[in-house]
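The values are calculated or read from the model by the stated rules, or taken from the named source; none is laboratory data. What you see is a predicted model, and the numbers here were worked out from it, not measured in a lab. Neighbour counts run over all protein chains shown; Cβ positions are idealised from the backbone, glycine included. Accessible surface is based on the protein model in full, side chains and every heavy atom, while ligands, DNA and RNA are left aside. Shrake-Rupley method; radii C 1.70, N 1.55, O 1.52, S 1.80 Å.
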Amino acid sequence: ADQSLDLLSGRSRANSKSKSRSSSANGRLSADDFEFGDVLGEGSYSTVMHGTHSSTRQEYAIKVLDKGHLKRNNKLHTALAEKNTLVRLGSGHPGIVRLHWAFQDEWSLYFVLDLARNGELQSRISRMGSLSTACARYYAAQLVDALDYMHMRGVIHRDLKPENLLLDDDFRIKVTDFGTGKLIDVPPERATKTFVGTAQYVSPELLEANETSKSSDLWALGCVLYQMIAGRFAFQGLSEYLTWQKIKQLDYTFPDGFDPEAADLVRRLLVRDPLERLGAGPPEDQHSMEALRSHPFFASIRWGTLWDDPAPPLE
Ligand code: ADE
């Protein structure tokens, strides 16, 4: 709670209890309508905090972005892009963090998001060393389903990694952090040129042609699937530069015991030509992800009830 006072620059919330959404000065939601709790995560321009809506007691994750810091670094447009992306994704998919409200005050932008209580998939992989094949299959399937949804709406994530895959109360995946997301016209799709992303998950076309498309998210899916099962990065050099060399040379190997069907799927995703990756398909094809869904690795997945089926036990 002390941190929230700092964030709000000492603004008194003494009378905030009596304020409800409808009775605040301009009839809109504000930071005063929430009780701020623990810090859940920190980024370069933002802090994600636990927030409880005072009157409904509903809990959220509130991403607080520092306007001054954003302005000084010319990043206000990225915050706006993140908001627009979240708005475009709406509330239509259980595997994507939903934006409930966005508001601002003199100092900060606030994104009120779904709370994912079980933290990052990254922590789970680190703690367990690696995931069981059944678990990896379940999370990979949910990621395929969420990617299909966002790609159909013209959203490329561009920074998929286990840190951006949160786990909700039921240990289902929620994709978050659309701060480097890209909105494209749907259809047709044009490749876009900007460097973003995290070294270990960056696709070869981004390194070589500085281009990303939906297919770059498929490359990252291959990297994430590999990492869940192997417990280490597919591509890891002693420096970022050496990691990029390995990516460009497709220099990776499977550890002993890696599930053969998972390995087959990884091999079909970690393909240099973006158009040749499984699930890529031509830009106007709205059903290209079916090729991923029908891969043998997913044979036991019930796609119709994917978001209702319980997560496999974490071994
Ligand atoms: N950390 C970052 N975003 C979060 C969220 N939506 N829920 C829980 N923890 C988070």
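Consider L242 carefully, then state whether it is outside any loop (DSSP other than H, G, I, E, B), open to solvent by less than 40 Å² (accessible area, probe 1.4 Å) and not polar (S, T, N, Q).
no
Is it true that some residue in region 71-88 is hydrophobic (A, V, I, L, M, F, W, C), within 21 Å of L167 (Cα to Cα) and crowded, with 20+ Cβ neighbours inside 10 Å?
Yes.
Being at pLDDT 95 or above, open to solvent by less than 30 Å² (accessible area, probe 1.4 Å), in contact with an Asp or Glu (Cβ under 9 Å, 6 or more places away or on another chain) and in a helix (DSSP H, G or I) is the requirement here; does A141 meet it?
Answer is no for this residue.
Against the conditions (1) open to solvent by less than 30 Å² (accessible area, probe 1.4 Å); (2) within 14 Å of the ligand (Cβ to nearest atom), where does A136 fall short? Just the number, please.
(2)
Out of all the residues in region 97-141, which are basic (K, R) and more than 20 Å from A81 (Cα to Cα)?
Residues of region 97-141 that are basic (K, R), as a first pass: 98, 117, 124, 127, 137.
Matches in region 97-141: R117, R124, R127, R137.
Looking only at region 58-111, filter to residues that are over 28 Å from Y139 (Cβ atoms), outside any helix (DSSP H, G or I) and charged (D, E, K, R); which one of those is farthest from the chain's Cα centre (by Cα)?
Of everything passing the filter in region 58-111, E106 is farthest from the chain's Cα centre (by Cα).
Within region 165-181, which residues are near the ligand (Cβ under 10 Å from one of its atoms), open to solvent by less than 30 Å² (accessible area, probe 1.4 Å) and in a loop (DSSP other than H, G, I, E, B)?
Residues satisfying the conditions are D168, T176.
What are the residue pairs meeting all of these: first residue in region 202-215, first residue within 16 Å of L160 (Cα to Cα), second residue among the polar types (S, T, N, Q) and open to solvent by 30 Å² or more (accessible area, probe 1.4 Å), Cβ atoms under 8 Å, and 6 or more apart or on different chains?
T212/T194
Name the single residue that is farthest from V144 (Cα to Cα) among those in region 44-96 being of a type in the set (V, I, T) and within 15 Å of the ligand (Cβ to nearest atom).
So, considering only residues that are of a type in the set (V, I, T) and within 15 Å of the ligand (Cβ to nearest atom), the one farthest from V144 (Cα to Cα) is T52.
Which of the numbered conditions does D159 fail, given that it passes all the others? Conditions: (1) within 16 Å of the ligand (Cβ to nearest atom); (2) open to solvent by less than 10 Å² (accessible area, probe 1.4 Å).
For D159, the exception is condition (2).
Looking at region 93-104, is at least one residue open to solvent by 50 Å² or more (accessible area, probe 1.4 Å), more than 25 Å from R153 (Cα to Cα) and free of Cβ contacts under 8 Å to residues at least 60 places away in the same chain?
Yes, the conditions are met somewhere in region 93-104.
Report whether or not L109 is in contact with a Pro (Cβ under 9 Å, 6 or more places away or on another chain), at pLDDT 95 or above and not hydroxyl-bearing (S, T, Y).
The answer is no for L109.
Which one is least open to solvent (accessible area, probe 1.4 Å), of the residues in region 119-133 that are under 30 Å from P260 (Cβ atoms) and within 14 Å of the ligand (Cβ to nearest atom)?
Initially, region 119-133 is screened for residues under 30 Å from P260 (Cβ atoms), giving 120-133.
With the extra rule that they be within 14 Å of the ligand (Cβ to nearest atom), the set shrinks to 120-124.
Numbers: E120: 68, L121: 1, Q122: 37, S123: 47, R124: 29 Å².
Looking at the filtered set, the residue picked out is L121.
Restricting to region 41-56, count the residues that are open to solvent by 30 Å² or more (accessible area, probe 1.4 Å), in contact with a strand residue (DSSP E or B) (Cβ under 9 Å, 6 or more places away or on another chain) and modelled with pLDDT under 95.
Number satisfying all stated conditions: 3.
Out of (1) farther than 22 Å from S130 by Cα; (2) in a helix (DSSP H, G or I); (3) not acidic (D, E), what's the single condition that is false for L278?
Result: L278 fails condition (2) only.
Could you list, in sequence order, all residues of region 57-70 that are open to solvent by 20 Å² or more (accessible area, probe 1.4 Å) and more than 27 Å from N118 (Cα to Cα)?
K67, G68, H69
Name the single residue, out of those in region 251-264 being without any contact (Cβ under 8 Å) to a residue 24 or more places away in the chain and open to solvent by 40 Å² or more (accessible area, probe 1.4 Å), that is nearest to P296 (Cα to Cα).
P260
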